[in-house]
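Any read-out appearing in this document is the output of simple, stated calculations on the displayed coordinates, not a laboratory observation. As the structure is a computational prediction, the values presented were derived from the model and not from experiment. As a convention, Cβ positions derive from the backbone with ideal geometry for all residues, glycine included, and neighbour counts pool all protein chains shown.
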Amino acid sequence: MPSVTRKTRIGMIVPSSNTCLEPQSYRILGDRDDVTIHFTRIPVTRIALDDSSDKQFDPAVMRTAAGLLATADVDVIAWNGTSGSWLGADHDRELVAEITDATGIPATTSTLAYLEAFESFGTERIGLFTPYTEDVNRAVMDSYQRDGIKTIGHRALGLSDNESFARVTDDEMRPGSLELAAARPDALVYLCTNLYGANIAAEVEAETGVPVLDSVAVTLWHCLKLAGSPLLAPRWGRLLAG
C-alpha cells in the first residue's frame, strides 16, 4: 500500500520571468523524497530603482499569490525574490506578517532568509555579487548596513532585464567571485534568485576558503529550517548544511 507519510510542502512565490529558481531548487534537493516544492508566479520583468519596478512587489499581489499556495496546504510560504534587499528588510517583515496573518502559515523571503543566515553564521562582512545595476547594488549595501552587515566589496553586472540574469554563465561569475573572495569576507553572497551562483559554490569555497551564500540555496535552507526538515548538502554552500 502507498505510504501515508506526509512530505514537507514548501510554497514559493516566483518572479514571472525567473527561469532559474524552480529547476535549481529541485536540483539542490537532489534525490530527496521528503520535500516537495509548489510554485506560483507574480509579474516581475525588470529590476530598477523606480516606481514601476517597485510596484511589481505590491504586498496585495503577494498576498493573493500566498493565498493560492495556502490552498495546497503548504507548510511554509516564501517570496523567492530579493527585492527586500533594496526596498528594505522592514518591507519584507511586514509582508511575511501579512501572509502569516492571512493564511496561518509561516512565511519568509529571500531577504529575510539571508538575514537569518547572517545571524546564524556570525556573518558581518560580505562580498556582494549581483547581476544588477550599480545603483541597485548601492541600495542593497545601504539596506544591509542598516541591518549591521558591511559590504567590503561588490560586483554589479549592469543588467536590469530580469529574464537575462539566468543567462549569466559560470565563466562570467568566476573572475569577480574570486576577486571578492580575495578580500576575505565572512561570506560571498550571490544576490539574485535568477542567478546560478550555487553551481560554483563548492568550487569557489574549495579554491578560496570563503563560504558562499547563494540566494536560491539560502531561501530553500530557510524554508526547510522553518518546516523542521533536514537542511542542504554541503556542495550548495557549506554553512547551509548544518
Whole-number percent relative contact order across the range 116-214, with pairs defined as alpha carbons under 8 Å at least 6 apart: 31
Within straight-line cross-link reach of Lys7, lysines at Cα separation under 23 Å, skipping those fewer than 8 residues along the same chain: Lys225
Interchain or long-range residues, amide H under 5 Å from Gly81's placed H: Ser110, Thr111
Relative exposure of Thr45, Thr111, Thr103, judged by other C-beta atoms within 10 Å (fewest first): Thr45, Thr103, Thr111
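Taking 0.36 nm per residue of sequence separation and subtracting the Cα-Cα distance, how much length would be gained by fully extending the chain between Lys150 and Ser229, in nm to one decimal?
Values: separation 79, 0.36 × 79 = 28.44 nm, distance 3.07 nm.
Between Lys150 and Ser229, full extension yields an extra 25.4 nm.
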Karplus-derived HN-Hα couplings along the range 25-42 (A = 6.51, B = -1.76, C = 1.60, θ = phi - 60°), whole Hz, x at Gly and Pro: 4, 5, 5, 5, 5, x, 8, 5, 10, 9, 9, 10, 10, 10, 10, 9, 10, 10
Qualifying aspartates and glutamates (Cα of each under 16 Å from Cα of Lys150; at least 8 residues distant if same chain): Glu116, Glu119, Glu124, Asp142, Asp186
Mean Cα-pair separation over length for the chain, i.e. relative contact order, pairs under 8 Å, 6 or more apart, %: 21
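Let me check I've understood the local charge: for Val168, count other residues with C-beta under 14 angstrom from its C-beta, Lys and Arg +1, Asp and Glu -1. What total comes out? Show your work: numbers first, answer last.
On the way: positive: Arg155, Arg167, Arg174; negative: Asp161, Glu163, Asp170, Asp171, Glu172, Asp214.
Net charge around Val168: -3.
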Rounded to the nearest 20 debye, dipole of the chain from Cβ charges on Lys, Arg, Asp, Glu: 440
The range 116-214, dipole about Cα centre (Lys/Arg Cβ +1, Asp/Glu Cβ -1), debye to the nearest 20: 260
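Would you order Leu21, Leu180 from fewest to most other beta-carbon atoms within 10 Å of each residue's own beta-carbon?
Placing the least packed residue first, the sequence is Leu180, Leu21.
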Net lengthening on full extension, Glu134/Ser120 (0.36 nm per residue, minus Cα-Cα): 2.2 nm
Charge dipole of the range 148-242 about the Cα centre (unit charges at C-beta), most positive-ward option of Gly242, Asn194, Ser164: Gly242
